[in-house]
Each structure stands twice: as C-alpha cells, then as structure tokens.
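Working notes, structure below.
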Ligand SMILES: [Zn+2]
C-alpha cells in the first residue's frame with residue numbers, strides 16, 4: 001500500500017472519531033435515555049418487547065466513540081436519526097438470554113429476561129434497532145423501534161441512594177466508571193458494607209493492568225440496603241428478601257450467582273455515573289458471573305474473591321472469553337467448528353490474523369506445545385472456551401483460565417488496556433482496527 005493511500009485511510013479512520021465527538025452536541029443532550037425491555041425466547045427463536053423509557057442523570061459514556069469500534073456482544077444496538085437515517089450511536093453487549101438459549105432447558109421452555117440499554121438522550125426523533133448475532137456470526141435484525149423526545153412518554157430517574165467514591169481517576173465521561181451495588185446487606189451491616197466495597201475496589205486496583213491505569217478508572221458504590229441479610233440459595237432452600245433478589249443456581253448451575261431483576265438493578269445504578277455494574281453479594285458461598293457490557297456479580301467473602309472479581313470484569317469490561325476447558329458450565333455449541341469466535345482471547349484458527357498473531361515470536365510453532373519452556377510465551381495453545389480441542393488460547397496460564405489473581409496474559413492485558421482507552425477517549429480507531437476488525441453486520 002503506498003503512502004498516499006495509507007494517509008487517506010488514517011485520515012478517514014481518525015477523522016471518524018473527531019466527527020463523532022462533534023456529533024454529540026448535534027444529536028444528543030447531556031443526559032441518559034434508558035430503554036427497559038423483555039428479551040423472550042428459547043433455543044430456536046427470540047423476540048424483543050419494549051417496556052418503558054427512562055431519562056435523567058448526565059451522560060458519562062465516551063463522547064468520542066459514539067459508535068463503538070468493537071463488537072464482542074450477542075446484541076448490536078444501533079440508533080439512527082429518523083429523518084436523515086444517519087447512524088448516530090452503536091453499542092454491542094451480551095445478556096443472560098444468550099447463555100439461556102444454549103441450555104437444555106431452552107429446548108423445552110420459553111424464557112423471559114429483563115434487559116436494558118442506555119444511550120445519550122436524543123435531541124430529535126430516532127429509530128433504534130436490535131440485531132442478534134448468533135454464535136455462527138449470523139446477524140439478524142430482531143426489532144425496530146422509534147423514540148420522539150417531544151412525544152414519547154418517559155419516566156424521570158429517581159435518586160434513592162448515597163454514593164461512595166472509592167477511587168476517582170478522572171471525569172466520568174473520560175474514564176471507565178465501575179459501580180458496585182451491594183445486595184443482601186441490611187442497614188445494621190452498614191459498616192461491613194462499606195468495608196467490603198473498599199476491599200473489592202482494592203482487589204480491582206491492585207491487579208494489573210488496572211493498577212498501572214488508575215487514572216482511566218473510577219470506582220464508586222451505592223449505599224443501598226436490603227430487608228434481609230444474605231443471598232437466595234435455592235439448592236439450600238434459603239430465600240432472602242434483598243434489594244435485587246440476586247440468586248445462586250441461575251440457569252441450574254449451583255455457583256452461577258446472577259440477578260434477574262435487571263430493570264431494578266439499572267434503576268439503582270442510575271444514582272451514580274456508571275459504565276459497568278458489579279453486584280457485591282453478601283454471602284460466603286463461592287459464586288459469580290460476568291456478561292459483556294451487561295453486569296458482573298461476585299460473592300462478598302471467599303478466599304478467591306480477589307480472583308473472581310477481576311475474572312468476571314474480564315468478561316464484563318473486556319469481552320474476554322473463558323480460557324479454561326474443564327467445566328461444569330451447562331452450555332452447548334458455544335464455539336461452533338469452522339467459525340472464528342468474537343472473543344478477543346480465543347481462536348479456532350479460522351481467522352487468526354484478526355486476533356493476536358502480531359504478538360507471536362517468529363519460529364514458534366502454531367499450535368504451540370504447552371511445555372514449560374513456553375510458559376512465558378504468547379502462542380496458540382489448544383484448549384479453551386470450555387472445550388479441550390479445536391479452540392485455542394494465547395497463554396499457558398491466565399486469570400481467564402486458572403483461578404489465579406493478577407495473572408492476565410499479554411493478550412488479555414492488551415484488550416483490557418484498549419477498553420480503558422476507549423472509555424477515556426484515548427484510543428485511535430486506526431490503531432484498534434489494525435489488530436481486530438469489528439464483527440461487521442451484513
Ligand atoms: Zn488471557
């Protein structure tokens with residue numbers, strides 16, 4: 001490619017981000033519009049049913065990249081100016097429904113899941129669409145809706161809880177904002193709640209690459225209490241009345257601790273600026289979960305808590321996949337043969353050049369033998385994504401593979417840093433696409 005063409009492409013890509021920054025004021029007010037909806041379906045079909053619109057707060061997401069440059073999620077949410085049809089906002093995320101539809105239960109039963117999506121409040125009438133991306137990377141438009149800021153009924157945010165600043169690296173719209181919501185803490189446990197929130201903030205900030213990038217990160221918590229102490233555990237017959245009704249055994253997996261009251265969770269989260277929500281669940285039983293750009297959970301007291309929160313944030317913030325392959329996870333056909341996964345730290349070698357090929361030293365065999373001399377080398381090691389064969393990971397050991405704190409491999413580290421930069425408006429689009437083109441929708 002000659003210099004002139006390279007320069008033009010660099011200008012166009014870089015130019016895109018500049019135009020987006022200016023476009024914010026043209027298209028949006030400095031406030032949030034939240035759409036609450038039901039995601040309904042089973043193993044073979046799915047649909048979206050709108051429930052309500054909510055508005056308030058201040059927009060704290062990035063303003064430079066209104067159209068997110070990477071798409072690791074199962075849902076692509078897009079917003080268009082309904083007169084000019086210009087794409088003015090885009091966000092990719094995954095949800096619990098995506099995991100549900102891969103379970104045996106979804107062969108027999110229809111599931112109803114609460115979901116939300118936030119966007120900056122539009123100044124003019126918009127059209128919005130939900131597109132579903134299958135694990136075979138087939139994109140299907142599932143829903144088209146409209147919102148008119150002058151005529152559509154919209155409920156205001158209601159602030160209910162105090163906010164604790166646990167670490168402030170910068171302004172909300174220039175940082176990754178992580179918000180902790182405590183579940184299962186009573187008013188009498190306020191001191192414990194505050195100590196636990198700070199302890200989990202320290203777990204995140206003491207872990208690389210969060211540690212070296214604190215200026216791009218904010219961590220806050222809401223001081224929100226529950227009627228009863230503890231967390232619902234159906235397998236023990238324990239039912240607790242808590243703020244968000246978080247529960248173990250979601251999707252029939254004992255340690256899968258999740259929250260099905262997603263509308264309430266986001267209404268609580270409205271009390272503070274946030275890009276990602278983490279539920280800190282008051283329990284000693286091991287559990288947790290993390291879904292890309294949706295939310296994460298962790299139980300409050302366990303010897304592995306430090307590991308669990310950074311592992312789950314790997315999913316939630318970075319869109320990273322699980323690099324382990326011995327698992328009780330009840331999902332099937334997660335990584336179909338012959339399809340390159342969207343997860344930036346897993347490959348089936350179908351389209352490996354879009355992953356971490358640039359980080360592999362020349363001469364290293366691909367696939368790479370998992371032998372001691374390769375322990376500190378980025379390679380292509382077989383086993384990952386819940387299966388021992390056909391899916392490959394970048395490193396012998398990583399926090400996304402083994403239950404070890406503070407051991408993100410160089411590939412996961414790079415993905416997390418790129419994500420911090422995205423929220424901090426520091427990444428250049430052309431840098432990003434060089435390594436991983438987005439999962440473009442046809
Ligand atoms: Zn890794």
For this session: Would you mind calculating the gained length between residue 252 and residue 223 on full extension (0.36 nm times residue separation, minus the Cα-Cα distance), in nm to one decimal?
Result: 7.4 nm
Seminar exercise, completed: Under the 7 Å Cα-to-Cβ spin-label approximation, residue 134 and residue 163 lie apart by a distance in nanometres of 4.2 nm
Problem set entry | Inter-probe distance in nm under a simple model that places probes 7 Å from Cα toward Cβ, at residue 211 and residue 154 | 4.4 nm
Exercise. Pulled fully out, how much extra length does the chain show between residue 372 and residue 284, if you take 0.36 nm times their separation in residues and subtract their Cα-Cα distance?
Worked result: 28.1 nm
Exercise. Over all Cα pairs of region 316-427, how is the pair count split among 5 Å bins, expressed in % and running from 0 up to the last occupied bin?
Worked result: 2, 12, 22, 26, 20, 12, 5, 2
Exercise. Using only helices, what value at 222 nm comes out for the chain when you add -39,500 (n - 2.57) per DSSP H run of length 4 or more and divide by the total residues, to the nearest 500 deg cm²/dmol?
Worked result: -6500 deg cm²/dmol
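Can you tell me, using C-alpha contacts under 8 Å and at least 6 residues apart, the relative contact order of the chain as a whole percent?
15 percent
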Seminar exercise, completed: If N is the residue count of the chain, its Cα Rg over 2.2 N^0.38 Å rounds to 0.95
Exercise. If one computes P(r) from the Cα atoms of region 162-316, what percent of pairs lie at distances over 18 Å?
Worked result: 53 percent
Exercise. Using alpha-carbon positions, what is the distance between the centroids of region 111-149 and region 269-333, in Å?
Worked result: 24 Å
For this session: Treat region 3-156 as a sphere of radius equal to its Kirkwood radius over Cα pairs and apply Stokes-Einstein at 25 °C in a medium of 0.890 mPa s; give the translational diffusion coefficient in µm²/s, rounded to a whole number.
Result: 145 µm²/s
Exercise. What full-extension length gain, to one decimal in nm, is calculated for residue 198 and residue 84 as 0.36 nm per residue of separation minus the Cα-Cα distance?
Worked result: 36.3 nm
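May I ask you to order 60-68, 187-195 by the average number of other C-beta atoms within 10 Å around their residues, highest value first? All intermediate terms of the calculation are to be shown ahead of the outcome.
Numbers: 60-68: 20.9, 187-195: 14.1.
Order by mean packing, descending: 60-68, 187-195.
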Seminar exercise, completed: Ranked on Cβ counts within 10 Å of their own Cβ, fewest leading, 283, 94 go 94, 283
Exercise. With r defined as the distance between the Cβ atoms of residue 146 and residue 109 and R0 fixed at 30 Å, what FRET efficiency is calculated, to the nearest 0.05?
Worked result: 0.40
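Laboratory data are not the source of any read-out in this text; all were calculated from the coordinates shown. Just so it is clear, the structure is predicted and the values come from calculations on it, not from any experiment. Note: ideal-geometry Cβ built from the backbone for every residue, glycine included; neighbour counts use all protein chains shown.
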